[in-house]
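Here the structure is laid out as structure tokens; the discussion comes afterwards.
Here, each number is a calculation from the coordinates, and none is a lab measurement. Everything numeric in this text was worked out from a predicted model, so none of it was measured. Glycine also receives a Cβ, built like all others from the backbone with ideal geometry; neighbour counts cover every protein chain displayed.
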Amino acid sequence: MISESNLNRYRLFCAVAECESISRAAELNYISQPAISKAITKMEETLDTRLFVRNHRGVTLTDEGKLFYEQLKTAFDIIKEGEEQIHRIKELGIGRLRFGASAILCKHMLLPYIKEYIAENPHVKITVDCQSSSHLFRLLYDGKIDFALMVKPENLSDISFYSLGEIEDVFIATPSYIENLHIREESTVFEKGNIMLLDGENVSRMHVDRYFKENNIVPEHILEVSGMDMLIEFAKTGMGAACVIKRFVQKELDEGSLMEIPLPVPINKREVGFAYMKNAKLTSAMERFKEFYENYPS
């Protein structure tokens, strides 16, 4: 590593080379002529090479001095460019954010945050990895995403979690499906109805399975679907009763095109929020987003 004293000598050397005058270089750098002469002499002794030829008009570079000057100039130009890029990054707020979320949380919860954040920080590059909650843990631990929008994990030893509120799982269906099922089967939805659920590896499905077990509910007909958006669409067609997050179908429930199926015991609500690794070194973009969601209107 170049010491600060050597770096300063190199700057003075370049100044003398460009001015072709020790006195002029001393004037521009607010330093005495003897100090510059001493610095140049020290460099020549260290390199065991003569860098300048002195004459009555000033100084000129030797061949070795020209070579050394070109190398130093290139190095200082690179340093200057780096400084300018850092200032530009700070001034414009340039950065990168990597998010992870399930497809349904991304669509209904993450995108509104991203939309407003981009409006305030247009120079931040954003990527989103849509994965199930179980995969989001691994992406966080491997450092492949900065933030995960997810259901609050049971173990928070390694994760910082900021809650955005609760979500509620409900069963929904079209009124006509429920009416026809009662006419046809004269039984409850869970006894004879077509129960549409997310696939078995999904965290939301595991939550519902625990609810079934705790309340001795054993659906006879189960249709597994890979995404909640498809569950909602299948329910709208009258294919059966689907377990979905209530807030994502509130409009349809209010309109009456879908209805909520009463349950003997409500399914426990779950917290959802932004998570990041406690040991993560937050970038300026991450710091800004953290401050953004903590002050986001509820």
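Numerical summary
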read-out	value
Cα-Cα over 19 Å, subset of LYS107/LYS213; LYS144/LYS246; LYS251/LYS290; LYS152/LYS281; LYS125/LYS290; LYS115/LYS236	LYS107/LYS213; LYS144/LYS246; LYS251/LYS290; LYS152/LYS281; LYS115/LYS236
Least to most buried among VAL151, VAL16, VAL53 (fewest other Cβ within 10 Å first)	VAL53, VAL151, VAL16
The stretch 102-218 - Rg and Dmax from Cα coordinates, angstrom	18.9, 60
FRET efficiency estimate (nearest 0.05) - Cβ-Cβ, LYS125 to VAL265, R0 51 angstrom	0.65
Sequence-separation-based contact order of the chain, relative, with Cα cut under 8 Å and 6+ spacing, percent	19
Paramagnetic reach from SER23 in the stretch 34-61 [backbone N under 20 Å; point 7 Å along Cα→Cβ]	34-41, 52-61
Chain lengthening between ASN180 and PHE76 when straightened (0.36 nm per residue, less Cα-Cα)	29.5 nm
Between helix 203-214 and the chain: long-axis angle, C-alpha atoms, 0 to 90°, nearest 10	30
Coil-residue trypsin sites (Lys or Arg not before Pro) of the stretch 16-70, DSSP, other Cβ within 10 Å capped at 15	ARG50, ARG57
Choice from SER21, SER257, SER160 with maximal GNM fluctuation in the chain (Cα, 10 Å cutoff)	SER21
Cα-projected label distance for THR62 with GLN250, points at 7 Å along beta-carbon direction, nm	8.0
Partner lysines for LYS38 [C-alpha distance under 20 Å; skip if fewer than 8 residues away on the same chain]	LYS66
Placed amide H near LEU223: partners under 5 Å, 5+ positions off or other chain	ILE195, MET196, LEU197
Estimated inter-spin distance, LYS236 and LEU282, nm [label 7 Å along Cα→Cβ]	3.9
Added length on full extension, which subtracts the Cα-Cα distance from 0.36 nm per residue, GLU291 to GLU4	99.6 nm
The stretch 169-268 - percent relative contact order, Cα under 8 Å, separation 6 or more	45
Whole-Hz couplings from phi, Karplus 6.51/-1.76/1.60, listed for the stretch 11-27; x for Gly and Pro	5, 5, 4, 5, 5, 5, 4, 6, 7, 6, 7, 5, 5, 5, 5, 5, 5
Per residue convex hull volume, Cα atoms of the chain, in Å³	181
Cα-based shape type of the stretch 4-91, given that a ≥ b ≥ c are square roots of the gyration tensor eigenvalues and the cut on a/c is 1.5	prolate
